[in-house]
1. Extension gain LYS165-ARG49, at 0.36 nm per residue separation less the Cα-Cα distance, in nm?
2. So, by mean Cβ neighbours within 10 angstrom, what's the order for 157-169, 79-91, 241-253 with the highest one leading?
3. Students often forget the sequence filter, so: which lysines lie under 19 Å Cα-Cα from LYS154 once same-chain residues fewer than 8 apart are removed?
4. Full-extension gain between LEU100 and ARG129, please, as 0.36 nm times their residue separation minus the C-alpha to C-alpha distance.
5. Using θ = phi - 60° and the Karplus relation 6.51 cos²θ - 1.76 cosθ + 1.60, list the HN-Hα couplings for the stretch 110-119 in order, rounded to whole Hz, with x at every Gly or Pro.
6. Amide H to amide H under 5 Å from ARG77: which residues, 5+ apart in sequence or cross-chain, H placed 1.01 Å off N in plane?
7. Based only on the alpha carbon positions, what is the Kirkwood hydrodynamic radius of the stretch 15-173, in angstrom?
8. Apply the Karplus curve 6.51 cos²θ - 1.76 cosθ + 1.60, θ = phi - 60°, to the phi angles in the stretch 89-94 and return the couplings in whole Hz, x for Gly and Pro.
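Readers should treat all values here as calculations from the given coordinates under stated rules, not as data from a laboratory. All values derive from a computational prediction rather than experimental measurement. Here the Cβ positions follow ideal geometry from the backbone for every residue, glycine too, while neighbour counts run over all protein chains shown.
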Amino acid sequence: MSPAADLVAVHPTQSIADGQWGLGRAASWALAAVAFVILFQDPARGLARDWWNDPDAGHGLLLAPVSLWLAWKSGIRVDSSPSPRWGSALLLGAIFLRSLGSLAAEFFTQRFSMWLAVVGLIVFAFGWRQLRHWWLPLAVLLLSIPLPALLTNKFAIPLQFHASKYGTALIEMRGIPVKAQGNVIVIAGQGPGEFFRLFVAEACSGLRSLTALLALGVLIGGLYLRTLTGRAALLLLSVPIAVAVNAVRIFLTAFLMYFVDPAFGRGFMHQTEGWALFVVAFAAIGLLASLIALVERRIARRRTTDA
């Protein structure tokens with residue numbers, strides 16, 4: 001935390017040491033925790049299962065603990081003021097969404113209701129100032145929830161076609177005979193009449209890396225950038241980075257299949273390429289954040305000089 005943040009917030013352990021948590025307050029929080037577990041245990045178990053088993057949701061294993069750590073690190077504002085009325089309204093809305101999602105068997109609604117219940121508890125106990133103070137942990141926690149299937153299906157196919165298009169262009173630049181047929185790339189082999197098919201699946205479409213990069217963009221922007229414009233710019237630039245990285249992944253796969261061994265288009269080596277290029281994308285996000293932070297500092301210095 002910055003020195004400025006220390007002036008307006010205290011560490012949770014300090015508030016306990018100062019005697020701000022009496023028996024009645026501790027008992028009310030324990031009761032709220034028990035009620036939360038009873039109401040949301042099923043969607044919580046399903047979410048944890050998806051984090052562990054679904055590669056498209058795996059980033060939640062990192063984001064959820066990070067969000068808790070950020071909230072703990074940021075502390076509790078000393079000027080926070082409980083808002084029971086608004087907090088109760090948010091909690092009732094969360095319970096309604098939980099019931100609605102259960103009736104419709106819609107997992108995203110049930111999981112979003114958990115997040116909304118957390119927001120309601122914060123407003124109920126600490127008020128709106130604390131909610132604004134914890135905007136980054138709450139945003140990171142929200143991004144740990146997998147997107148609904150409706151949005152996933154809507155964006156996956158266009159991203160597959162874009163990845164195929166740009167990947168094919170890169171392959172052609174290398175002089176490899178290639179032809180794109182939707183999300184299937186046909187690559188000529190070294191021998192006469194020989195060819196390989198490279199299927200651009202959803203995992204290679206960029207949706208998985210885009211979701212993770214957007215979450216990392218929010219995290220990095222919230223920690224190191226100071227303006228809303230800078231944070232928005234970082235998020236917008238995460239999209240072409242995800243598309244470019246997956247186009248390069250397709251090109252490298254085709255290159256290795258053509259010049260080395262067709263086995264490079266599947267299995268362990270193909271997955272290794274994906275992880276390696278995601279590290280490159282993460283580094284690119286970090287570099288962009290550094291450049292945007294530099295621009296922010298120069299603009300702030302210029303304004304200070306002009307004033």
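1. So the chain would gain 38.3 nm between LYS165 and ARG49.
2. Going by the mean number of other Cβ atoms within 10 Å, highest first, we get 241-253, 157-169, 79-91.
3. LYS165
4. 7.5 nm
5. Once rounded to whole Hz, the list reads 5, 6, 5, 5, 5, 4, 5, 5, 4, 4.
6. Counting only residues 5 or more places away or on other chains, the set is VAL10.
7. 17.8
8. Per-residue couplings from phi come out as 4, 5, 5, 5, x, 5 Hz.
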